[in-house]
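Shown next, in structure tokens, is the structure this report addresses.
Values quoted throughout were computed directly from the atomic coordinates according to the rules given, and no laboratory measurement underlies them. Keep in mind that what you see is a predicted model, and the values were worked out from it rather than measured. In this analysis, Cβ positions are derived from the backbone assuming ideal geometry, glycine residues included, and neighbour counts consider all displayed protein chains.
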Amino acid sequence: MSSKAGEVLTRFQAELPNEMWQADITAFKLASGEVVEILNLIDDHSRLHLGSDAYPRVKAADVVASFHKAAALHGAPASLLSDNGAVFVGSYRGGKVLLEYELERLGVAFKNSRPYHPQTCGKVERLHQTLKRYLARQPCAQTLQALQGQLDAFVHYYNHIRPHRALDRRTPLQAYSARVKARPTGASSASYFRVRQDRVDKAGKVSLRYDSRLYKIGVGRAHKGRRVKLLIADQSIRVIDLEGQLIRQLTLDPSRNYQPIAPVYDVHDVPTHVSTMS
């Protein structure tokens with residue numbers, strides 16, 4: 001990695017797995033010429049490829065869904081690093097996006113690279129390049145689903161089979177498994193994360209199975225037929241639409257099969273608007 005004259009360039013590597021994740025988005029062209037986007041997550045310490053998800057266009061809710069999917073497999077990280085893209089950071093619009101609220105709630109520190117300084121996220125940038133070289137050797141994907149199948153195959157190859165020069169020829173999985181994992185500051189080691197998709201039924205309810213028991217959550221008849229996502233962190237639940245707009249937040253009451261709409265949430269604890277620009 002080059003540097004300007006007189007500038008000392010320090011390479012950083014996290015000391016522990018899950019100490020810091022990197023996230024970034026790259027574009028990819030399908031066989032039809034349609035341009036889609038791939039969201040990649042990588043562990044800074046071990047280079048473990050935590051997730052690779054294809055979307056028509058990555059939106060705020062997609063970032064949170066991919067983060068929760070990775071956290072469900074590997075545990076939540078102590079910190080997350082990204083660039084200043086609109087789906088990651090809302091400060092340029094005077095607010096916050098859904099990812100920022102989620103990370104705050106989970107106790108995950110959020111870090112951003114300096115504008116026009118992509119080497120800060122160098123590990124995930126290099127991962128993009130390795131992934132695209134792999135995809136160039138495969139039949140060009142006709143659909144988003146076909147591309148996702150290729151991404152899943154690459155993640156397995158990259159983590160389990162391909163030795164990494166920067167890891168003393170170990171695989172990322174070997175490096176990731178060799179040391180104790182960092183956790184979010186103040187987070188319980190028993191924290192449970194999950195993302196569930198559902199459609200609001202005619203009665204204005206969605207379903208959630210928690211601890212082997214089925215619950216119904218009221219969101220209102222006005223949302224009948226609407227596709228939603230449930231972001232579940234232990235008994236804390238958020239219901240958002242596919243654009244990332246918050247519909248309802250609640251703490252599950254295990255003593256009740258039905259979680260009524262009122263009271264929806266404490267207005268002092270929840271922002272009145274979540275920016276979802278992508």
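Within straight cross-link reach of Lys29, meaning Cα distance under 17 Å, which lysines are found once same-chain residues fewer than 8 apart are removed?
Answer for Lys29, where 17 Å is the Cα cut-off: Lys132, listed by chain and number.
Quickly rank 175-181, 76-82 as a protection proxy: mean count of other C-beta atoms within 10 Å, highest first.
Working: 175-181: 15.3, 76-82: 23.6.
Listed from highest to lowest mean packing, they are 76-82, 175-181.
With charges set only on the Cβ (+1 for Lys and Arg, -1 for Asp and Glu), what does the dipole of the stretch 21-177 come to about its Cα centre, in debye to the nearest 20?
420 debye
For a quick protection proxy, order the peptides 41-47, 69-75 by their average other-Cβ count within 10 Å, most packed first. Write out the running numbers ahead of the final one.
On the way: 41-47: 26.4, 69-75: 18.0.
So the order, starting with the most tightly packed, is 41-47, 69-75.
With both partners inside the stretch 21-177, how many of the DSSP beta bridges are antiparallel, as a percent to the nearest 5? Don't skip to the answer; put the middle values down first.
On the way: 16 of 22 bridges.
DSSP beta bridges in the stretch 21-177 are roughly 75 percent antiparallel.
Go through 56-63, 140-147, 250-257, 236-243 and give me the packing order, highest mean Cβ count within 10 Å leading. Spell out each step's value before the answer.
Details: 56-63: 21.0, 140-147: 15.1, 250-257: 11.8, 236-243: 19.1.
My ranking of the peptides, most packed first, is 56-63, 236-243, 140-147, 250-257.
Treat the count of other C-beta atoms within 10 Å as a stand-in for reagent exposure and order Tyr157, Tyr101, Tyr215 from fewest to most.
With the fewest neighbours first, Tyr157, Tyr101, Tyr215 line up as Tyr157, Tyr215, Tyr101.
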